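Beneath this line is the structure, given in structure tokens, with notes to follow.
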Amino acid sequence: MILKVDKVKKYFPIKKGIFLLTAGYVRALEEVSFEISEGQTIGVVGESGCGKTTLGRVIAKVYDATSGRIFYTPHGKENNAIAQAAEIRKNTEKQIMKNYRKDVQMIFQDPYNSLDPRMTIGDILAEPLQVHKVCSSEAALNETVSQLLLKVGLYPEYASRYPHEFSGGQRQRISIARAIALHPRMIICDEPTSALDVSVQSQIINLLKDLQKEYQMAYLFISHNLDVIYHVSDWIMVMYLGNVVEIATPEALFEDPLHPYTSALMKAIPNWNPEERSLGETTLQGEPPSPIAPPSGCPFHTRCEFVMERCKTDKPRLSEIGQDRKVACHLRVQ
Ligand SMILES: Nc1ncnc2c1ncn2[C@@H]1O[C@H](COP(=O)(O)OP(=O)(O)O)[C@@H](O)[C@H]1O
Ligand SMILES: [Mg+2]
């Protein structure tokens, strides 16, 4: 185990008026829990606004969680993961935090805004190496930068150029090179291909898969595209309005979606049409409710065609069903 996320919540306060009083909260994440191990990919899928990016940012420590805990097992301590895990929070010891930032990297959706336009590619890639004092000389630094560019399928000569000279796909390769510069143990990939041309998307996914094999990295792979998620994930977490509503392997999830929301998401994939679906033909109506005033009970009950009386008041817990599967739905868990 590298990372354990335990009941993590993230509420963003809404400030109003000249005194900036808190008028309410955007409930972006509601008690999300999961674990991720070496070399594993956890896919995170769900409609826009369901909290995917917030989850990535809380793990990457861009945001502090409102509540809940994140545990991290330092390198070499995996055999005794639970005993050795360090809790990542505001006052975590500096050295552990520094290692954590080195070990957990993030790649963003928009390759046009994620690279500083005033820096050369060489400087962009050298920066993390310098901060963590990885190279002993200027020559070693330049050599490492060249190797990184080659690793992601770019020429070392590109080091002297600026981001605007590259296409979206090439920029995403540069972002990937920057993310792997410090040999991280985990990368949070936040919709890394959704801003790219379809023709380039699979190249980037293949590159990420190759690098994962070579370096045994874990990925938290966020996407609203179930098709992409199916192809990269060992496990898929389906999110709805800040909640994880189902966790399963890609095969189990696609062949037999247990949550009506998962089933409805599948329906939206044009070329994925398994003949038998356990919950029949489900369609998603309208927009998800606002995370400022989420529904009582099951967050999905306002759009669920199988809604029962108890779903309106009683929130289903994410519960184990059979082996290796979890679902939060009263239809499935009594
Ligand atoms: N910094 C922020 N301040 C306030 N609300 C935010 C912030 N970031 C995200 N949100 C809100 O939290 C919810 C989840 O957003 P996000 O994590 O970006 O979803 P996703 O990545 O799944 O589209 C949305 O309602 C969004 O508007
Ligand atoms: Mg997002």
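Mean residue ellipticity, 222 nm, helices only, the chain: the sum of -39500 (n - 2.57) across DSSP H runs of n ≥ 4, divided by residue count and rounded to 500, is -8500 deg cm²/dmol. The length gained by stretching the chain between SER296 and GLU138 to full extension, at 0.36 nm per residue less their Cα-Cα distance, is 51.0 nm. Quick one: go through region 298-320 and flag any residue whose amide nitrogen is under 19 Å from the point 7 Å out along the Cα-to-Cβ line of GLU31. Residues passing the 19 Å test: 298-302, 310-320. Think of each Lys and Arg Cβ as +1 and each Asp and Glu Cβ as -1; about the Cα centre, that makes the dipole of region 3-233 roughly 840 debye. As a ratio to 2.2 N^0.38 Å, the alpha-carbon radius of gyration for the chain is 1.05.
Enclosing the Cα atoms of region 1-160 in their convex hull gives a volume equal to 181 cubic angstrom per residue. As a fraction of the 1.4 Å probe accessible area of region 3-233, surface on carbon and sulfur atoms comes out at 48 percent.
Solvent exposure of LYS98, expressed as accessible area, is near 90 Å², computed with a probe of 1.4 Å over the protein chains only. Proximity of backbone amide H atoms, modeled 1.01 Å from N, is registered between MET239 and VAL45, GLY46, VAL245 at under 5 Å, excluding neighbours fewer than 5 places apart on the same chain. If you plug the beta carbon distance of SER167 and ARG310 into 1/(1 + (r/R0)^6) with R0 = 56 Å, you get a FRET efficiency near 0.60. Applying the Karplus relation 6.51 cos²θ - 1.76 cosθ + 1.60 with θ = phi - 60° to region 91-103 yields 3J(HN,Hα) values of 9, 4, 3, 4, 5, 5, 5, 5, 5, 4, 5, 6, 7 Hz, where x marks Gly and Pro.
GNM remark for the chain: springs join alpha carbons under 10 Å apart, and the peak mean-square fluctuation among LYS151, LYS90, LYS61 falls on LYS90. Using a probe of 1.4 Å on the protein chains alone, the accessible area found for ILE88 is around 10 Å². Under 10 Å, Cα contacts only: if you run a Gaussian network model on the chain, which one of ILE42, ILE180, ILE121 comes out with the highest mean-square fluctuation? In this elastic network of the chain, the residue with the biggest mean-square fluctuation among ILE42, ILE180, ILE121 is ILE121. Angle of helix 168-180 to the longest C-alpha principal axis of the chain, folded into 0 to 90 degrees and rounded to 10: 80°.
Length available on full extension from VAL333 to ILE18: 0.36 nm per residue minus the Cα-Cα distance, which gives 108.7 nm. By a 1.4 Å probe calculation restricted to protein chains, ASP314 has an accessible surface near 60 Å², given to the nearest 10.
The SER202 and GLU87 beta-carbon pair, evaluated with R₀ = 51 Å, returns a calculated FRET efficiency of approximately 0.85. Accessible area per residue for region 110-244 is 43 Å², calculated with a 1.4 Å probe on protein heavy atoms, without ligands, DNA or RNA. With unit charges on the beta carbons (Lys and Arg positive, Asp and Glu negative) and the dipole taken about the Cα centre of region 7-131, which residue among VAL104, TYR11, THR120 sits farthest to the positive side? Of the candidates, TYR11 comes out farthest on the positive side. Our coupling estimate for region 236-252, obtained by passing each phi through the Karplus curve with A = 6.51, B = -1.76, C = 1.60 and θ = phi - 60°, is 10, 10, 9, 10, 9, 6, x, 10, 7, 9, 7, 10, 7, 6, x, 4, 4 Hz, Gly and Pro reported as x.
The values are calculated or read from the model by the stated rules, or taken from the named source; none is laboratory data. Model, not experiment: these values are computed from the prediction. No Cβ is skipped: glycine too gets one built from the backbone with ideal geometry, and neighbour counts run over all protein chains shown. Calculation scope for accessible area: heavy atoms of the full protein, side chains included, ligands and nucleic acids excluded. Shrake-Rupley method; radii C 1.70, N 1.55, O 1.52, S 1.80 Å.
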